[in-house]
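The values are calculated or read from the model by the stated rules, or taken from the named source; none is laboratory data. This one's a predicted model, so the numbers in the text were calculated from it and none came from an experiment. Neighbour counts are summed over all protein chains in view; Cβ atoms, including those assigned to glycine, are modelled from backbone coordinates with ideal geometry. Heads up: the accessible areas ignore ligands, DNA and RNA and are worked out on the full protein's heavy atoms, side chains in. Shrake-Rupley method; radii C 1.70, N 1.55, O 1.52, S 1.80 Å.
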Amino acid sequence: MIKLFQRWIRDNERMSDLKNLTLTMELNELRNQINPHFLFNMLNGIKALVRSNPEKATLVIMKLSEFLRYQLYENNVEKTPLRSEIDFLTNFLELEKIRRDNFQVEVNDQSTIHNLNAIFLPANIFTTFVENAIKHSIDIKQGESYIRIDINVNNHKLYFDCVNSIDPNYVASDKKNSGLGLANVKRRLHLLYGDSYTLNTTSKVNEYHVHLILPI
C-alpha cells in the first residue's frame, strides 16, 4: 500500500510537470506568433514608403531597429514593467504616425510613475490590439484617422482601452490571416489568466473599441 501510494504521488508530480511544460511551450509559441506578424506588417509599410518618401523610410528603419532591440533583449522575459509596455506602444504609434498623413494618436495613462515601474505584465500583451487598430484605422479616402489608448490601474486591476476609427469601405487584403492575431491573444490571455480577465470588443460604423481588464 505504501509503495502504491508513493508511486501515485510520483505519477501525479510527473503529470503536473508535464502539464506545466506543455503550458509554457504553448505560451511561448503564441508569443512568437505575435512578433513575426508585427514585423511583417512593419516591413510591408516600409516597402511602400521607400518608393514614395525615401527620407521617411530611412527614419522608420532607424525606429524599427529600436523595436527589434526591444523584442530581442527587453521582452525576452516572462514579464516586463508596465512602463516598458507603454513606452513600446507609444513608440509604435509614433512610428506609424511618421509614415502616415492625417493620423492622430493619443496614449494616456492615469497611473503614478511608481505604479508603472512596480507593475509587471506578460510582454507584448497589448501589441496585437494596437496592431489591429493601426491596420483597420486606415482611411482609404485619405481622410483623418485616429487611435486613442487609455490605461488605468485601480483596485488591483489594470484597465486597457483602445479606440480606433474605422473606414466602412476598407477591406483587409489578407483575408486568410485576418483575425489570426486576435485569436492568438485571446488564447494567450486564457492560458495566462484563466477566467480572471475580461475582454470586450465593440464595433460601430466608424469606430472600434477594445476594453480589457487584467488582474495585477
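For the reader, a short list of remarks on this structure follows.
- Extreme residue, modelled with the highest pLDDT, among residues of the range 114-153 that are closer than 10 Å to LEU82 by Cα and open to solvent by 70 Å² or more (accessible area, probe 1.4 Å): PHE120
- Test: ILE147 is in contact with a Cys (Cβ under 8 Å, 6 or more places away or on another chain), among the aliphatic types (A, V, I, L, M) and within 15 Å of LEU95 (Cα to Cα): yes
- Scope the range 184-212; condition surrounded by fewer than 17 Cβ atoms within 10 Å (Cβ to Cβ), touching a residue at least 40 places away in the same chain (Cβ under 8 Å) and outside any helix (DSSP H, G or I); matching residues: ASN206, GLU207, HIS209, HIS211
- There is at least one residue in the range 193-211 that is among the aliphatic types (A, V, I, L, M), out of contact with any helix residue (DSSP H, G or I) (no Cβ under 9 Å at 6 or more places or on another chain), at pLDDT below 90 and over 21 Å from PHE92 (Cα atoms).
- Checking each residue of the range 52-74 against the condition of being at pLDDT 70 or above and touching a strand residue (DSSP E or B) at 6+ places or on another chain (Cβ under 6 Å) gives no match.
- Failed item, numbered, when LYS157 is tested on (1) touching a helix residue (DSSP H, G or I) at 6+ places or on another chain (Cβ under 8 Å); (2) at pLDDT 85 or above: (1)
- Filter pass, LEU93 being in contact with a Ser or Thr (Cβ under 7 Å, 6 or more places away or on another chain), crowded, with 17+ Cβ neighbours inside 10 Å and modelled with pLDDT of 85 or more: no
- Residues that are surrounded by fewer than 19 Cβ atoms within 10 Å (Cβ to Cβ) and farther than 23 Å from HIS156 by Cα, drawn from the range 101-113: ASP101, ASN102, GLN104, GLU106
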